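For reference, the structure is listed below as structure tokens.
The values are calculated or read from the model by the stated rules, or taken from the named source; none is laboratory data. Treat the numbers as computed from the prediction; the structure is a model and nothing was measured. Please note: Cβ atoms are built from the backbone with ideal geometry, for glycine as well, and neighbour counts cover all protein chains shown. Ligands, DNA and RNA are stripped out before the accessible areas are found, and what is left, the full protein with its side chains, is counted by its heavy atoms. Shrake-Rupley method; radii C 1.70, N 1.55, O 1.52, S 1.80 Å.
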Amino acid sequence: MSLIMAAMALVLAADDVAKPPADAGLEAQKGELAKLQGLVGSWKGVASPIRGSDKGAWIEKADWAWKFSDKTASLAVQIADGKFFSTGELRPGKKAGDYVLAAKSGDGKLTFHYEGQLDKDEKLTLLAKDAPDGMPKRISFRFVAEGARLIVLLEG
């Protein structure tokens with residue numbers, strides 16, 4: 001799989017994310033996350049701070065996998081040498097189509113929380129709840145080329 005990234009870097013999620021509502025059963029959580037099954041696998045991409053330019057560009061690799069416990073399901077990611085994030089965890093939100101991402105900083109010391117929705121075009125857009133200056137405030141995931149490519153846009 002390949003990954004194209006424009007604007008800042010790649011996206012992730014972390015292990016101490018908000019828990020799904022108690023009434024959301026494991027099967028319901030799996031169903032919501034299945035809409036993002038295309039994330040699962042290994043992705044390698046070029047990140048660029050300036051769209052259409054390789055000035056300041058870097059390479060990032062992300063590995064997404066399903067993660068289950070007795071009562072929760074999530075999609076976990078690990079990012080090798082990530083500029084902004086190191087790991088993360090994506091869970092269903094309180095309502096159908098809502099998602100919550102907890103992403104650990106590149107050094108693994110801080111966790112940032114993002115919330116958002118999957119739109120009718122299957123683009124997932126997440127907004128920061130607590131990201132400081134210098135960290136992405138908005139993250140979007142969009143599959144192109146029939147799911148063979150993933151565009152992750154990080155915006156400050």
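Whether any residue in the stretch 74-83 is open to solvent by 20 Å² or more (accessible area, probe 1.4 Å), under 12 Å from the mean Cα position of the chain (by Cα) and under 24 Å from residue 28 (Cβ atoms) is what I want to check. Scanning the stretch 74-83 turns up at least one residue that is open to solvent by 20 Å² or more (accessible area, probe 1.4 Å), under 12 Å from the mean Cα position of the chain (by Cα) and under 24 Å from residue 28 (Cβ atoms). If the condition is being exposed (fewer than 14 other Cβ atoms within 10 Å of the Cβ) and at pLDDT below 95, then the stretch 60-73 contributes 68, 69, 70, 71.
Name the residue, out of 55, 44, 30, 94, that is open to solvent by 20 Å² or more (accessible area, probe 1.4 Å) and in a strand (DSSP E or B). Spell out how you get there, then give the answer.
Details: 55 fails: in a strand (DSSP E or B); 30 fails: in a strand (DSSP E or B); 94 fails: in a strand (DSSP E or B).
On inspection, the qualifying residue turns out to be 44.
Every residue in the stretch 121-156 that is of a type in the set (D, E, K, R) and more than 20 Å from residue 100 (Cβ to Cβ), please.
Residues of the stretch 121-156 of a type in the set (D, E, K, R): 121-123, 129-130, 133, 137-138, 142, 146, 149, 155.
Within the stretch 121-156, 121, 133, 146, 149 meet the criteria.
Out of all the residues in the stretch 107-156, which are open to solvent by 40 Å² or more (accessible area, probe 1.4 Å) and on the phi > 0 side of the Ramachandran plot? Give the derivation first.
Of the stretch 107-156, the ones open to solvent by 40 Å² or more (accessible area, probe 1.4 Å) are 107, 109-110, 113, 115, 117, 119-123, 127, 129-130, 132-134, 137-138, 142-143, 145-146, 148-149, 155-156.
Result: 122, 134, 145, 146.
Determine whether residue 108 is closer than 22 Å to residue 61 by Cβ, part of a loop (DSSP other than H, G, I, E, B) and under 13 Å from the mean Cα position of the chain (by Cα). Even if it seems obvious, please write down each step before you answer.
Details: closer than 22 Å to residue 61 by Cβ: yes; part of a loop (DSSP other than H, G, I, E, B): yes; under 13 Å from the mean Cα position of the chain (by Cα): no.
Against the criterion (closer than 22 Å to residue 61 by Cβ, part of a loop (DSSP other than H, G, I, E, B) and under 13 Å from the mean Cα position of the chain (by Cα)), residue 108 does not qualify.
One residue is enough: does the stretch 2-25 have a residue meeting the conditions over 20 Å from residue 131 (Cα atoms), surrounded by fewer than 19 Cβ atoms within 10 Å (Cβ to Cβ) and at pLDDT 85 or above? The answer is yes; a qualifying residue exists. Just to be sure before I move on: is residue 121 more than 15 Å from residue 43 (Cα to Cα) and acidic (Asp, Glu) in the structure I sent? Spelling it out, residue 121 is indeed more than 15 Å from residue 43 (Cα to Cα) and acidic (Asp, Glu).
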